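Visitor: Below: one structure in structure tokens.
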Amino acid sequence: MSMSKPVSMETIVSLAKRRGFVFPSSEIYGGLASAWDYGPLGSELKNRVQRKWWREMTQLHDNIVGLDASILMHPRVWEASGHVDNFSDVMVEDTITNERFRWDHLTEVQRENRTSPAGNPLSEPRAFNLMFETHLGPTSSGQKVYLRPETAQGIYVNFKNVVQTSRLKIPFGIAQVGKAFRNEIVTKNFIFRTCEFEQLEMQYFVKPGEDEKWFDYWKEQRIRYYDSVGIRPDRLRFKPHGPDELAHYAKAAFDIEYEFPFGWQELEGIHNRTDYDLSRHSEFSGKDLRYLDEEQKERYLPYIVETSAGLTRSVLMVLCDAYDEEEVADGDVRTVLRFHPDLAPITLGVFPLVKKDGLAELAREIEAELRDDYTTFYDQGGAIGRRYRRQDEVGTPFCVTVDYDSKDDGTVTLRFRDSMEQVRVHRSELSERIRAEIKAYRRVGV
Ligand code: ATP
């Protein structure tokens with residue numbers, strides 16, 4: 001029986017370390033606070049989460065194109081965007097322990113009494129800009145530049161380039177994946193909030209007046225997307241931003257929240273940014289960024305509906321969501337990561353039942369045949385049951401075992417991660433069968 005009770009963060013962090021998903025950064029030097037490295041399985045998982053999103057945006061929508069802008073941008077970009085003046089959080093310090101807190105993360109009572117969660121007096125609140133600064137050139141007197149705190153601005157400043165070089169007509173979108181940097185006052189919860197992270201952002205340019213329609217469209221699309229990658233619907237919800245929570249550029253905003261082990265938290269933001277961004281960049285750059293609607297013979301600044309998710313935060317969500325412990329036959333409990341097969345770092349484990357009698361060679365041969373189509377993993381060590389468990393624990397959806405019958409009739413055992421069922425399949429039909437299984441995949445118990 002599956003136990004879909006929420007997993008603890010300790011369990012996730014330790015599994016991630018033990019199986020090579022995520023390591024502390026520079027660990028041999030004692031680590032760097034809240035910086036993390038993605039290991040062999042983690043980098044594969046992150047790439048797959050990214051590719052799935054990219055495919056969803058650019059391949060399954062015919063009017064969304066990709067972009068890959070640089071991290072360093074002209075410093076005026078961040079003046080126009082409002083980040084130089086507004087991108088700050090208010091920080092307070094516990095005057096006894098020196099622990100720092102974000103003012104908006106304290107409870108109302110703590111704010112009113114000016115006390116920390118430990119009950120100690122707090123310092124005066126002060127604003128702290130989250131952008132990392134550096135300098136171009138060999139001396140510190142070089143031009144001041146920032147590490148981008150979001151990928152969106154790279155899209156806005158390329159709006160005209162994209163319009164001129166593609167034949168896209170409004171409405172259309174530009175999608176981008178990339179690193180962003182924020183000098184967060186408090187980083188915590190593993191890879192949930194870090195100073196260096198990756199974003200999955202899509203900016204959708206629409207005609208003013210049609211923005212509300214597209215805002216609703218993207219809310220619906222994004223929830224549907226999470227369902228299509230097998231995320232438990234009962235752990236996802238929309239949270240509207242109240243009028244006092246709206247960012248300076250936003251007309252309306254919803255977060256998609258996920259129920260992490262430490263509570264409901266933002267996974268993705270969907271924002272109606274109006275024409276704020278393009279009008280600011282027009283003003284600051286002196287360039288006319290209006291769109292020419294050739295049919296209507298009018299020029300206007302498009303409104304923007306944005307979907308902005310964290311890639312690294314999504315990896316944490318996918319790990320937490322996939323985690324399951326299941327009681328199997330003899331009271332034994334197996335750990336299984338129920339990744340959608342498109343997200344699983346390894347798609348297919350291939351094992352010889354035993355190493356001898358030519359089975360290892362045959363299994364290697366079958367694995368080589370399937371490599372072209374799937375990410376495979378060959379394992380000949382230990383009892384077969386243990387090999388299955390090792391793959392369950394890293395979320396491998398399919399395993400193939402080659403045995404003595406395989407030598408005679410060319411059939412192998414195909415074993416499914418979720419149901420643990422086993423079927424006999426001819427090796428020549430394996431690739432197609434697995435493809436069909438992936439297409440038909442539905443998460444169990446959801
Ligand atoms: P918060 O108020 O929690 O600091 P935010 O609302 O300013 O965050 P956005 O600017 O909307 O966040 O960022 C879009 C997405 O980028 C978020 O939904 C989140 O998934 C991701 N993200 C933002 N900050 C971080 C971070 N420090 N670490 C990891 N992911 C982040």
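The values are calculated or read from the model by the stated rules, or taken from the named source; none is laboratory data. Computed from a predicted structure; not experimentally measured. We place every Cβ from the backbone using ideal geometry, glycine too, and count neighbours over all the protein chains shown.
Visitor: May I ask you to list the residues in the stretch 117-132 that are in contact with a Leu (Cβ under 8 Å, 6 or more places away or on another chain) and under 18 Å from HIS83 (Cα atoms)?
Guide: Those that are in contact with a Leu (Cβ under 8 Å, 6 or more places away or on another chain) and under 18 Å from HIS83 (Cα atoms): MET131, PHE132.
Visitor: What residue, among those in the stretch 400-419 that are farther than 20 Å from LYS356 by Cβ and touching a residue at least 24 places away in the same chain (Cβ under 8 Å), is surrounded by the fewest Cβ atoms within 10 Å (Cβ to Cβ)?
Guide: SER419
A quick yes/no check of all residues on (1) part of a loop (DSSP other than H, G, I, E, B); (2) more than 15 Å from the ligand (Cβ to nearest atom); (3) out of contact with any Gly (no Cβ under 6 Å at 6 or more places or on another chain):
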residue	(1), (2), (3)
VAL186	yes, no, yes
TYR204	no, yes, no
TYR225	no, no, yes
LYS239	no, no, yes
GLY242	yes, no, yes
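Visitor: Working only within the stretch 348-385, note down all residues that are without any contact (Cβ under 8 Å) to a residue 40 or more places away in the chain and within 21 Å of ALA322 (Cβ to Cβ).
Guide: THR376, PHE377, ASP379, listed by residue number.
Visitor: While we're here: With the structure loaded, tell me whether ILE28 is more than 23 Å from ARG193 (Cβ to Cβ) and without any contact (Cβ under 8 Å) to a residue 24 or more places away in the chain or whether it fails that test.
Guide: yes
Visitor: Among the listed residues LEU316, LEU301, LEU267, LEU278, which satisfies the condition of being modelled with pLDDT of 95 or more, more than 27 Å from PHE197 (Cβ to Cβ) and of a type in the set (A, V, I, L, M)?
Guide: The match here is LEU301.
Visitor: If you don't mind, there's one more thing I want to ask. Looking at the stretch 70-93, can you tell me whether even one residue there is part of a helix (DSSP H, G or I), farther than 30 Å from GLU283 by Cα and hydrophobic (A, V, I, L, M, F, W, C)?
Guide: No: zero hits.
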